[in-house]
Amino acid sequence: MRVTVKLFATFRDGRFKVEERELPQGSNVLNILEPLNIKPDEVAICLVNGRDVNAQHFLNDGDTIALFPPVGGG
Amino acid sequence: MGGYIGKILRVNLTEGKISTEPLNMELAKKYLSGRGLAGKMFTDEVASDVDALSPENKIFIAAGALTGTNAPTSGRYVVVTKSPLNGVVASSNSGGQWGAHMKFAGYDMVILEGKADRPVYLSIHDDVVEIKDAAHVWGKDVYATTDTLKKEFGDDKVKVLSIGPAGENLSLISAVMNDLYRAAGRSGVGAVMGSKNVKAILVRGTGKVENANPDVMKTVLSSALGKLRENGVTGQGLPTYGTAVLVNIINESGIYPVKNFQESYDAEADLISGETMTANHLIKKDPCYRCPIACGRYSKWEGGEGAGPEYETVWVFGSNSGIHDFDAIHKANDLCNKLGLDTISVGATIAAGMELVQRGYIKPEELDGTPLEFGNAAGMVEWVRKIGYAEGLGAKMALGSYRFAESYGAPELSMTVKKLEIPAYDPRGVQGQGLQFATSNRGGCHVRGYMISPEILGLPEKLDRTSLEGKATWVKIFQDLTAVIDSLGLCLFSSFALGLSDYAALVNAVTGANYTDEELLACGERIWNNERLHNLRVGYSAAEDTLPKRLIQDPIVDGPSKGQTLKLAELLPKYYAERGWDEAGVPTPECLTKLGM
């Protein structure tokens, strides 16, 4: 399956803003994080298609994953 | 006693009379200082039927109980008055340095009453207070005014608060500015100062704010600073990227209003994000008094440099106007600072104008050749200027988006609650924040209970933004806690890392009080109910605890939150019950008795 991965704030340092990834069926968010060398506890917000999920969340073809370190404002 | 100075400066502008009086410590125990005590004194002293722009209205400029101490983020003060925009209690707070220096000069609060017979400014140098002629700076922008009056004062350490041309022109979306570009922005407080012919207030203080328990404070302060440092938002996210780091997260959540809330996702938002601003525009950080977070930005753009812009400003002059031109956003922000305008309300009014044009309400000949259309950056910047100087159609826009849209028979195109423009979160995709917008005591405002924190950012814990479960309770607690933070004179952003117990420890250490967590939160609830009672007295009812039709009846049309709606009708009765109010949203006698009101 094919998913879109978007990185924000410090996660972009030395990585990328947005890339597509080919993954085997049954992959979860952890399978995205590992090759990016991002530890699950560094992720403050993980959105899949705009909904907040945890690292064990299983992915589907066409999903958009947005990963944020702790950020805020107002 | 620490924290409080114990003295109020009262200036009757009609009579030219300057006096001081003791701070009522019995009231301060119940309402703290800042927003709380000034709000209580306002409701006690100003009759509910007073015209906001008449001499009978008063302005209470109040520091918080901890303002000017070594408590972290203790640089804030508040402007409390009757709002000329919507008649509610305006309580607009601001950071920078001015508030702390008012306390160093020896005052918890400055009250302005009556109306001067000519433009004046107030000069406060410790206990030497003078009303001076301001004819030479009337009409000048905030920067020129600050520069001129500082030179006249002859001491570079003087801090200046002033209005710009917008406040002089009685724009209902004008701000009170301090330290050049810090704004008590919302509710049209600049116009009230303008209506009194007061251009500026200078403070030069050589005193200091006492601390009741310096030894206890060392421990409490160390703990608070540690939490602010360790917290990912206050220790890293905000210092690195500023508030505009929210652009991407709010957009990716699908609650980022676009083109006057017609859409809720912007595929090009990253062009104007905090990440982009940091990479291409940031010159330096610009912290307020005693702030370890330092979210303030100082940036450059094509042809200039200056403060900001903040998240709300980036959004309102950016995506909400269909614009992705950072230089234009900077210019619009800079103009607002100099003309003394509230960026949120100005940008939202321009966006409403763009939709009025889109739908054919405004005819091209009304525009005097200045484009008013989504995506036209140069036109947008020019409209900011025209609003500030009340030129052409800008004079109508200077009254805010509600009156502007209503004048075309289309008030539903004004994205406001109680006539105050809603900030950068589509409430349909975030239920608690939607309830908060509807019930905020000053109208469409995010900083009366920032539910984005738990519902999007996951602080202090993660809530499902689409769920109604527990939201009424959360909103009440957030509103009450925010009233406490505002009244202590601390920055709301500290609450990303600090909780009620931390605030209780700080206020107890500094003032020598002995609040339990529950007692301190009850102060916030008292402050909230006092404001609510005022709003009911001026004629508001449960019918106005609502949002524009678009945000109540229509589902979100695009993006990750497509199809979502705000379930306000289910949330409101739960909220009223949680507050101990009756079904009409009126505080019950039992509720008021419990709070000692």
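General remarks:
- The mean accessible area for residues of chain A, using a 1.4 Å probe and ignoring ligands and nucleic acids, is 47 Å² per residue.
- Interface residues of segment B:283-317, defined as a loss of at least 50 Å² in heavy-atom accessible area between the chain alone and the complex of all protein chains with a 1.4 Å probe, are absent.
- Under a model in which nothing but the beta-carbon of Lys, Arg (+1) and Asp, Glu (-1) is charged, the protein assembly as shown shows a dipole of about 1020 debye around its Cα centre.
- Long-range tail of P(r) for segment B:426-594 (Cα pairs > 20 Å, %): 52
- Stokes-Einstein diffusion coefficient of segment A:2-68, Kirkwood radius over Cα pairs, 4 °C, 1.567 mPa s, in µm²/s: 110
- Ellipsoid semi-axes for segment B:87-174, based on the Cα gyration tensor and the rule √(5λ), read 20, 18, 14 Å when sorted largest first.
- The order of B:73, B:219 by accessible area, most exposed first and with a 1.4 Å probe, is B:219, B:73.
- Based on protein heavy atoms only, segment B:426-594 ends up with 33 Å² per residue of surface accessible to a 1.4 Å probe.
- Kirkwood hydrodynamic radius (C-alpha pairs) into Stokes-Einstein, segment B:208-316, 25 °C and 0.890 mPa s, D in µm²/s: 156
- For B:102-115, mean number of other protein chain Cβ atoms within 10 Å: 0
- Unit charges at the beta carbon, dipole of chain A: most positive-side option, A:36, A:10, A:73: A:73
- Taking every alpha-carbon pair under 8 Å whose residues sit at least 6 apart, segment B:7-204 reaches a relative contact order of 22 percent.
- Within the accessible area of the protein assembly as shown (1.4 Å probe), percent carbon and sulfur: 49
- Against the empirical 2.2 N^0.38 Å (N residues), segment B:17-89 has a Cα radius of gyration ratio of 1.19.
- Ordering of B:480-487, B:289-296, B:589-596 by burial proxy (mean other Cβ atoms within 10 Å per residue, highest first): B:480-487, B:289-296, B:589-596
- Mean separation of Cα contacts under 8 Å (6+ apart) over length of segment B:1-94, as relative contact order %: 22
- Per-bin percent of Cα-Cα distances, segment B:437-528 [10 Å]: 16, 50, 29, 5, 0
- The charge dipole of chain B, taken about its Cα centre with unit charges on the Cβ of Lys, Arg, Asp and Glu (plus for the first two, minus for the last two), comes to roughly 880 debye.
- Segment B:7-204 - Kirkwood radius from inverse mean 1/r over Cα pairs (Å): 16.2
- Accessible surface ranking that places the most exposed of B:159, B:17 first, with a 1.4 angstrom probe: B:17, B:159
- Percent antiparallel among DSSP beta bridges (both partners in segment B:7-204, rounded to 5): 75
- List of segment A:1-34 residues, accessible area with partners at least 30 Å² below that of the chain alone (1.4 Å probe): A:6, A:8, A:9, A:10, A:12
- Computed from the C-beta positions of residue B:282 and residue B:590, the FRET efficiency with R₀ = 51 Å rounds to 0.45.
- At least 24 Å along the helix axis (C-alpha) and Kyte average at least -0.5, DSSP helices within chain B: B:471-488
- Among B:497, B:560, B:475 - extreme Cα towards positive end, dipole of segment B:426-594, charges at beta-carbon: B:560
- Each 5 Å bin from zero holds the following percent of Cα-Cα pairs in segment B:488-569: 3, 11, 14, 13, 11, 13, 15, 12, 6, 3, 1.
- Residue-averaged beta-carbon neighbours from other chains (10 angstrom radius) around A:61-68: 2
- Legend: calculated FRET efficiency, residue A:18 to residue B:223, from the Cβ-Cβ distance at R0 = 35 Å, rounded to 0.05, equals 0.30.
- Shielded by partner chains, segment B:210-254 residues - at least 50 Å² of accessible area, 1.4 Å probe, vs chain alone: B:241, B:249, B:252
- Chains A and B together bury roughly 2000 Å² of accessible surface, counting both sides and using a 1.4 Å probe on protein heavy atoms.
- With 23 Å as the limit on Cα-Cα distance, the pairs of B:40/B:157; B:199/B:338; B:418/B:574; B:132/B:157; B:115/B:140 that go past it are B:40/B:157.
- Residues in segment B:266-350 average 29 Å² of solvent-accessible surface per residue, probe 1.4 Å, ligands and nucleic acids excluded.
- Selection from B:12, B:164, B:73 lying farthest towards where the dipole of segment B:7-204 points positive, charges on Cβ: B:73
- Rounded to the nearest 20 debye, the dipole size of segment A:2-68 about its Cα centre is 160 debye, using +1 on the Cβ of Lys and Arg and -1 on the Cβ of Asp and Glu.
- Inter-chain shielding of A:45-54 (mean C-beta neighbours from other protein chains, 10 Å cut-off): 5
- For the set B:145, A:4, solvent exposure ranked by accessible area (probe 1.4 Å, protein chains only) runs largest to smallest as A:4, B:145.
- Geometric extent, Cα atoms of the protein assembly as shown - Rg, Dmax (angstrom): 23.8, 80
- 34 Å tail of the calculated P(r), chain B, as % of Cα pairs: 35
- For segment B:426-594, averaging the sequence separation of C-alpha pairs within contact (under 8 Å, six or more residues apart) and dividing by the residue count gives a relative contact order of 27 percent.
- Peptide ranges B:31-39, B:164-172 listed from the most packed, as the mean C-beta count within 10 angstrom indicates: B:31-39, B:164-172
- Stokes-Einstein diffusion for segment B:367-442, with the hydrodynamic radius set to the Kirkwood value over Cα pairs and evaluated at 37 °C in a medium of 0.692 mPa s, equals 236 µm²/s.
The values are calculated or read from the model by the stated rules, or taken from the named source; none is laboratory data. Quick caveat: nothing in here was measured; it's all calculated off a predicted structure. Counting neighbours? That spans all protein chains shown, and the Cβs are built from the backbone with ideal geometry, glycine included. These accessible areas exclude ligands, DNA and RNA; they are computed on the full protein's heavy atoms, side chains included. Shrake-Rupley method; radii C 1.70, N 1.55, O 1.52, S 1.80 Å.
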